[in-house]
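The values are calculated or read from the model by the stated rules, or taken from the named source; none is laboratory data. None of these values were measured; they are calculated from a predicted model. When we count neighbours, we look across all protein chains shown, and the Cβ atoms used for this are built from the backbone with ideal geometry, even at glycine.
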Amino acid sequence: MMKPEIVMKDTIYKKVKKFIEEHHMIETGDLVVVGVSGGADSVCLLHLLHRFSKETSYSLVAVHVNHGVRAEASADAAYTRELCERLGVPFVLYEVDMIGYAAAHKLSSEEAGRQLRYRAFEEVMERQWRAQQELQGQQKQLTGKIAVAHNAEDRAETMLFHLFRGTGMKGLASIKPVRDHIIRPVLCLERAEIEAYLAAQGLEYCLDATNETDAYTRNKIRHHIIAYARQEICVGAVAHMSELADMLSETERYLSAQAGRLYETYVEEVASEEAGFDKQDCAKSFLEEIKCGQQPERLRVQGTELLKQDAVMYQRVLLMCMERLTPHRKDITGQHIADIVKFMAGGGSKELSLPYGIKAYKEYGMLILDRNSGRNDNHTLSGGAASKVYTIEPPTEIIVPGGGIFKFTLLENNAQNSEEWQNIRENRYTKRFDYDKISTVVLRTRQPGDYLTIDSALHTKSVKQYMINEKIPKFERDSIYLLADGSHVLWIPGYRISERCKVEESTKRILQVRLRGGRHGRTN
């Protein structure tokens, strides 16, 4: 008959192995950097990963971070080193000044320690990755993973901590098994299982006295709330909370994907004047845009249409909007989103102040979220600076900061060009004009007295009135670059051209203009 301790060792190992495989945490050839403090959780994690590496060939490196606080820290480092040598796992020691770092960056000691640990893990992973690349050559691409020892109790504590402090579904989903390249192989184990495995393996571990006190909020939750729940309500409380976290995580993933699609439909990103292009030039989807790392200057939200969606979805889209404009997600609360919804639906104030100097404006059912705190008094979106006038002498290409790329070409009106034009005459972002009817072509923003010729009888309408009729928000009108001949506007990109200079059969020279990128153009 198999001994109980052998059964325990195999049962827990198989459970963790299944968990790793279900979440695709580790693949053959990976580089895995495991954080080992010397405590029970990390010692268990190290031993399990070492066993698993014999079945799935991958590189394993252990990192121990000495925070320079506890008197027994040196003994913990020595024990971890000795354990790694015994297992044949490479060991790296980092010594950091957590207290000094916390004071310098105005952080709690917990947050400072967390940042320093992950920085150490990342540095070791990068160094080991480069060393293996040099050893194996450039023929094989290595994947780096950071393994940390969060367990099921940690997940339950985090769920309750977020619940008590105020959170949404994402906070209740708590700690994920995999986040980017960070993996948590023992998240499926409760502390009792970890201690049982260590006992069965005859493995010692270090004790951190601070974990036994109520000095930290999480310790209070663990010692009192979770302990009470197990004893008085349900012995499987932690397991049930972990199951709920999995369900919430999947639900959150699905809803986030749906909100991303709505974001693409109802939200338009406008780049800063320095960037020169909007998201159309960077990526084709919301998630791809996030990877580009470009933060927009402002967002144009089809507010009236967005509010027709279910509340849970439009609130998520607005949260995505704020995340795109702000540096810290944690500073955006549910109340801020509620304020935006009320602002969009109400008929009162024309302006709303939000965190980080963001201002919200609305007009014609459009919501503008602008992070440019230096806007001028008339609320134009041209960055507050005097607009530049570009004199056009084709062929040429003009890059307008924030406005896109205008390409000007001079063509002869022949049969070949005529046939080509028939194929693209409905293109909103490629236009052709009778060049001989134009005196001087300039690219500029609107000016007093500008007008359009609106029909074949050469009746005119002021650009100002046309923009009002088209419901272009007044605080956006001064940012649109127009093609003009004196006060006669030839083209308002994204809208219409003048009738007076349209190409006819008698036209000899054609001015072709193509616009790509920017707020008012697309690649078409």
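Checking each residue in the range 246-263 for being over 17 Å from the mean Cα position of the chain (by Cα) and farther than 21 Å from Asn151 by Cα picks out only Thr251.
For the range 274-327, residues that are of a type in the set (Asp, Glu) and modelled with pLDDT of 50 or more total 4. The single condition among (1) farther than 20 Å from Thr80 by Cβ; (2) in a helix (DSSP H, G or I); (3) free of Cβ contacts under 8 Å to residues at least 60 places away in the same chain; (4) of a type outside the set (Val, Ile, Thr) that Leu107 does not satisfy is (2).
Of all residues in the range 424-432, at least one satisfies being at pLDDT below 90 and in a helix (DSSP H, G or I). Within the range 1-20, being modelled with pLDDT under 95 and within 30 Å of the chain's Cα centre (by Cα) holds for no residue.
Quick one: would you say Ser57 is loosely packed, with under 13 Cβ neighbours inside 10 Å and in a loop (DSSP other than H, G, I, E, B)? Please lay out each step first, then the result.
Values: loosely packed, with under 13 Cβ neighbours inside 10 Å: yes; in a loop (DSSP other than H, G, I, E, B): yes.
In short, yes.
Determine whether the range 351-371 contains at least one residue that is within 30 Å of Leu482 (Cβ to Cβ), among the hydroxyl-bearing types (Ser, Thr, Tyr), buried (at least 20 other Cβ atoms within 10 Å of the Cβ) and modelled with pLDDT of 80 or more. Within the range 351-371 (the criterion being within 30 Å of Leu482 (Cβ to Cβ), among the hydroxyl-bearing types (Ser, Thr, Tyr), buried (at least 20 other Cβ atoms within 10 Å of the Cβ) and modelled with pLDDT of 80 or more), the answer is yes, since at least one residue qualifies.
For (1) at pLDDT 90 or above; (2) among the polar types (S, T, N, Q), each residue gets a yes or a no:
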{"residue": "Ala192", "(1), (2)": "yes, no"}
{"residue": "Asn211", "(1), (2)": "no, yes"}
{"residue": "Tyr216", "(1), (2)": "no, no"}
{"residue": "Glu232", "(1), (2)": "yes, no"}
{"residue": "Leu244", "(1), (2)": "yes, no"}
{"residue": "Ser249", "(1), (2)": "yes, yes"}
{"residue": "Gly260", "(1), (2)": "yes, no"}
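Report, by residue number, each residue of the range 50-95 that is among the aliphatic types (A, V, I, L, M) and in contact with a strand residue (DSSP E or B) (Cβ under 6 Å, 6 or more places away or on another chain). If the condition is that a residue be among the aliphatic types (A, V, I, L, M) and in contact with a strand residue (DSSP E or B) (Cβ under 6 Å, 6 or more places away or on another chain), then Leu60, Val61, Ala62, Val63, Val65, Ala73, Ala77, Val89, Val92, Leu93 are the ones that fit.
Out of curiosity, is Gly449 small (Gly, Ala, Ser), in contact with a Leu (Cβ under 9 Å, 6 or more places away or on another chain) and in a loop (DSSP other than H, G, I, E, B)? Quick ask: steps written out before the conclusion?
Details: small (Gly, Ala, Ser): yes; in contact with a Leu (Cβ under 9 Å, 6 or more places away or on another chain): no; in a loop (DSSP other than H, G, I, E, B): yes.
Taking the combined requirement at face value, the residue does not satisfy it.
Set side by side, the residues Ser74, Ser37 differ, and just one is polar (S, T, N, Q), more than 26 Å from the chain's Cα centre (by Cα) and not in a loop (DSSP other than H, G, I, E, B), which is Ser74. Can you tell me which of Val63, Val69 is in contact (Cβ under 8 Å) with a residue 40 or more places away in the chain, outside any loop (DSSP other than H, G, I, E, B) and not basic (Lys, Arg)? Only one candidate passes the filter, namely Val63. Sub-9 Å Cβ pairs linking a first residue in the range 425-447 that is more than 21 Å from Ile399 (Cα to Cα) and hydrophobic (A, V, I, L, M, F, W, C) to a second residue that is modelled with pLDDT of 90 or more and not in a loop (DSSP other than H, G, I, E, B), at least 6 apart or interchain, are Ile438/Asp485; Ile438/His488; Ile438/Leu490; Ile438/Leu511, ordered by first then second residue.
Beta carbons closer than 6 Å, at least 6 apart along the sequence or on distinct chains, pair a first residue in the range 77-96 that is farther than 20 Å from Asp208 by Cα with a second that is of a type in the set (Gly, Ala, Ser) and buried (at least 17 other Cβ atoms within 10 Å of the Cβ) for Val89/Ala62; Phe91/Ala62.
Being farther than 20 Å from Tyr216 by Cα and touching a helix residue (DSSP H, G or I) at 6+ places or on another chain (Cβ under 8 Å) is true for just one of Leu49, Leu45, Leu116, Leu87. Which residue is that? I'd like the intermediate steps shown before the answer.
On the way: Leu49 fails: touching a helix residue (DSSP H, G or I) at 6+ places or on another chain (Cβ under 8 Å); Leu45 fails: touching a helix residue (DSSP H, G or I) at 6+ places or on another chain (Cβ under 8 Å); Leu116 fails: farther than 20 Å from Tyr216 by Cα.
Leu87 is the lone residue from the list that is farther than 20 Å from Tyr216 by Cα and touching a helix residue (DSSP H, G or I) at 6+ places or on another chain (Cβ under 8 Å).
For residues that are modelled with pLDDT of 85 or more and part of a loop (DSSP other than H, G, I, E, B), scanning just the range 471-495, find the one that is surrounded by the most Cβ atoms within 10 Å (Cβ to Cβ). Taking the candidates together, the pick is Tyr481.
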